[in-house]
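So the structure is just underneath, and the comments pick up after that.
The values are calculated or read from the model by the stated rules, or taken from the named source; none is laboratory data. Note that the structure is predicted; figures quoted are calculated from it, not measured. In this analysis, Cβ positions are derived from the backbone assuming ideal geometry, glycine residues included, and neighbour counts consider all displayed protein chains.
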Amino acid sequence: MTQDELVRLERQGATAVLTMNRPRYRNAQNSAMTYALDSAFTEAVNDDSVAVIVLAGAGEHFSAGHDIGSPGRDVEKSFERRAVLWWDHVGRSGADQRYAREMEVYLGMCRRWRELPKPTIAMVQGACLAGGLMLAWVCDLIIAAEDAYFADPVVRMGIPGVEYFAHPWTLGPRFAKEILFTGDRFDARRAYEVGMVNRVVPRAELHSHTLGLAQRIAEMPRFGLALTKRAVNQAEDLMGMRSAMDAAFGLHHLAHAHNAEVAGDPLAGMDAASMKARSGS
Ligand code: ZN
């Protein structure tokens, strides 16, 4: 499958809609899709006719998270590095390998996308799980369908949350702890109540509602939007988000290393199916 097919880029007026396109695997994020997404974001930023970027997932679900089990899993593959200045993970071993890879394709890419100079809107239906949360969280706004549901169950692997540790900022510290401690799902309404999503709309109206909002934003001054986005992001960072995320990333890798040492596998022997089985859902 080509990069274009992994992520579709369509223009609707002044809005670029980027659609993750692995519906058979609930848009599980492998590296090929990560780099295709980065290319599509770059193209949308460089296209002067685009004012707002919408991130969507093809099919019934937004994203099942990082690819930890599909036939397209490609953790051993090299890609041209774009997010951080670090060596390639391929050919490395242990924490050296994991740290390099996750800093590039997870934490680094998410930070890069959060800083895009154009407003971004995540349009979320169905599952938005673990790594899928990271993709929604890097967007400025999140519009959820009534059937959307969210969870970060990686504490079941003994890992303290996904790599882009925005949980305390997007959920509030107390609800963040609840969903991490239990691994439980929460629905779109609960996500709205805690301020994680901007709006909840019927599934049938998700596309039109999101595109309508994007069009309204697109009518605002471009440079003003970019400066406003930066002002809010800088405020979040001054509230400690960036440095807390760096600290959490260290703990995340301590957990991977512990799993590798004790269970012989950084994911503690768990894939998507066994995570689901353990959750009983
Ligand atoms: Zn990880």
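Tell me which residues, restricted to the stretch 135-162, are aromatic (Phe, Trp, Tyr) and in contact with a Cys (Cβ under 6 Å, 6 or more places away or on another chain). Hit for the stretch 135-162 is Phe150, nothing else. Annotation: of all residues in the stretch 169-183 being without any contact (Cβ under 8 Å) to a residue 60 or more places away in the chain and touching a Pro at 6+ places or on another chain (Cβ under 8 Å), the one that is farthest from Leu213 (Cα to Cα) is Leu180. Evaluating Leu133 against the criteria (1) touching an Asp or Glu at 6+ places or on another chain (Cβ under 7 Å); (2) assigned to a loop (DSSP other than H, G, I, E, B); (3) more than 12 Å from the ligand (Cβ to nearest atom) leaves one unmet condition, (2). Picking from residues in the stretch 70-96 that are within 16 Å of the ligand (Cβ to nearest atom) and under 19 Å from Glu115 (Cα atoms), the one that is surrounded by the fewest Cβ atoms within 10 Å (Cβ to Cβ) is Val84. Within the stretch 179-186, the presence of a residue that is small (Gly, Ala, Ser) and within 14 Å of the ligand (Cβ to nearest atom) is excluded.
Checked against (1) more than 15 Å from the chain's Cα centre (by Cα); (2) of a type in the set (Ser, Thr, Tyr); (3) assigned to a helix (DSSP H, G or I), Tyr106 meets all criteria but (1).
Residues that are in contact with a Lys or Arg (Cβ under 6 Å, 6 or more places away or on another chain) and within 26 Å of Pro266 (Cα to Cα) do occur in the stretch 66-84. Could you say whether any residue in the stretch 118-129 is farther than 20 Å from Glu193 by Cα, among the basic types (Lys, Arg) and within 16 Å of the ligand (Cβ to nearest atom)? Looking through the stretch 118-129, none of the residues is farther than 20 Å from Glu193 by Cα, among the basic types (Lys, Arg) and within 16 Å of the ligand (Cβ to nearest atom). State whether the residues of the stretch 100-113 include one that is modelled with pLDDT of 95 or more, more than 16 Å from the ligand (Cβ to nearest atom) and buried (at least 19 other Cβ atoms within 10 Å of the Cβ). Yes, some residue in the stretch 100-113 is modelled with pLDDT of 95 or more, more than 16 Å from the ligand (Cβ to nearest atom) and buried (at least 19 other Cβ atoms within 10 Å of the Cβ). Filtered by the rule that a residue be over 20 Å from Met103 (Cα atoms) and exposed (fewer than 14 other Cβ atoms within 10 Å of the Cβ), the stretch 228-248 gives Arg230, Ala231, Val232, Gln234, Ala235, Leu238, Met239.
Candidates in the stretch 263-274 are the residues that are assigned to a helix (DSSP H, G or I) and within 16 Å of the ligand (Cβ to nearest atom); of these, the one that is nearest to the chain's Cα centre (by Cα) is Ala272. When the stretch 167-214 is filtered for residues that are among the charged types (D, E, K, R) and not in a helix (DSSP H, G or I), the ones remaining, listed by number, are Asp184, Arg185, Asp187, Arg199.
Yes/no matrix, rows are residues, columns are (1) away from the ligand (no atom under 16 Å from the Cβ); (2) within 12 Å of the chain's Cα centre (by Cα); (3) under 21 Å from Thr210 (Cα atoms):
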residue: Ser39; (1), (2), (3): yes, no, no
residue: Ala44; (1), (2), (3): yes, no, yes
residue: Ala51; (1), (2), (3): yes, no, yes
residue: Ile68; (1), (2), (3): no, no, no
residue: Arg98; (1), (2), (3): no, no, no
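If I filter the stretch 196-253 down to residues being in contact (Cβ under 8 Å) with a residue 24 or more places away in the chain and of a type in the set (S, T, N, Q), which single residue comes out as farthest from the ligand (Cβ to nearest atom)? Filtering first and then ranking leaves Gln215. Looking at the stretch 136-166 only, could you name the residues that are farther than 25 Å from Leu225 by Cα, more than 12 Å from the ligand (Cβ to nearest atom) and outside any loop (DSSP other than H, G, I, E, B)? Ala145, Tyr149, Phe150, Ala151, Val155, Arg156, listed by residue number.
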